[in-house]
Amino acid sequence: MTDPVAADIRSASRWGLLLGILTLVFGFLCIGSPLVSGLAVATVVGILLIMAGISQLIFAFQAGSVGRGIFVFLFGGITILGGIAVVGRPLLGLATITLVLVWYFIFDGVSGLITAFRTNPPRGRGWLIFGSIVSIVLGLMLWRDWPLSGAWAVGVLVGIRLIFRGWSMIMLSGMGSAMADDMEERN
């Protein structure tokens, strides 16, 4: 007799496997066409900025008076204009996102190095130092080629993230299938 819980786990594992494979494929497509995927990311960011700006304007009108809502109203308008600029000129938006990533990687690496040298005991310090140096080098590489690095950086980074996420989903699905097999063997 088939255990209904094991059957549910097996079904979810099959779906997880399928979705993991699709995520993996999308990751490779992003890396294969980094400009297209980067422009898609920039466009989505622009649309989200427009939506956030609209919600801020609605909140400003709900504030009850001009005095309390004027800064929210102004910031909402600026956010909408920024979103429109990114959607209208996604290459400029992509270059800006890449510049933010440059500084993120550099600051992340520097803060990691500071943490590594303040950590006691030194267990794992080597990996923290290594990861921090990689982060700084990546930031400097993007900075050196900026704004041209905007044409590939965001798409490649999104692709790498999707590949790792897809692989994780596939591995978790395999664990779910193994768990379902164990449950059925016990019954």
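The values are calculated or read from the model by the stated rules, or taken from the named source; none is laboratory data. In this text, all values refer to a predicted model and were calculated from it rather than measured experimentally. Methodologically, a virtual Cβ is constructed for each residue, glycine included, from the backbone with ideal geometry; neighbour enumeration extends over all protein chains shown.
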What number goes with the only condition from (1) closer than 30 Å to Ile54 by Cα; (2) not in a helix (DSSP H, G or I) that Asn120 does not pass? (1)
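Picking from Ser168, Ser149, which residue would you name as being part of a helix (DSSP H, G or I) and closer than 18 Å to Leu35 by Cα?
Details: Ser168 fails: closer than 18 Å to Leu35 by Cα.
When all the criteria are applied, what remains is Ser149.
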Ile133 - would you say it is touching a helix residue (DSSP H, G or I) at 6+ places or on another chain (Cβ under 7 Å), farther than 30 Å from Leu19 by Cα and among the hydrophobic types (A, V, I, L, M, F, W, C)? yes
Restricting attention to segment 8-37, report how many residues are within 16 Å of the chain's Cα centre (by Cα) and either more than 25 Å from Ile170 (Cα to Cα) or of a type in the set (S, T, N, Q) (or both). 2
If I ask for residues that are surrounded by fewer than 13 Cβ atoms within 10 Å (Cβ to Cβ) and either small (Gly, Ala, Ser) or within 23 Å of Ile160 (Cα to Cα) (or both), which ones from segment 99-146 would you list? Val100, Trp103, Ser111, Gly124, Gly126, Trp127, Phe130, Arg144
Residues satisfying the stated conditions in segment 73-110, i.e. within 14 Å of Leu142 (Cα to Cα), at pLDDT 85 or above and among the β-branched types (Val, Ile, Thr): Thr96, Thr98, Val100, Val102, Ile106
